[in-house]
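Some notes on the structure that comes next.
Here, each number is a calculation from the coordinates, and none is a lab measurement. The model shown is predicted, which means the values in this text are computed figures rather than measured ones. For neighbour counting, all protein chains shown are included, and Cβ atoms are generated from backbone atoms with ideal geometry for every residue, glycine included.
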Amino acid sequence: MRVGILGSSDVAKSVAHGFLYEGHEVMPGSREPGKVASWVRESGKGASSGTFSETAAFAATPNLDSMISAATFNVILRGRE
């Protein structure tokens, strides 16, 4: 599953780590992607980061499974056809 997370707070990184632990691809989005660069390096395979726009593009693929707003904990799910 591919997961886009809007936010780069400790909460966002904790949520992202949980999805990575389960084997999913995760991209936290931030106004300043460098804020999560060390997290990406430490997290390894499946972890990436980008701007909000890049995270939206990552999530706007046919394989979109979920997008999370770490600020409000809203989860938007779209089923696969």
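Values for this structure:
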| quantity | calculated |
| --- | --- |
| Cβ-defined net charge surrounding Glu54, 15 Å radius [Lys, Arg +1; Asp, Glu -1] | +1 |
| Amide H partners (placed H, <5 Å) of Leu6, local residues excluded | Gly29, Ile68, Ser69, Ala70 |
| Highest to lowest packing among 29-35, 39-45, 2-8, scored as the average C-beta count within 10 Å | 2-8, 29-35, 39-45 |
| Region 25-31 - phi-based ³J(HN,Hα) in whole Hz, Karplus 6.51/-1.76/1.60, Gly and Pro as x | 7, 9, 9, x, x, 8, 5 |
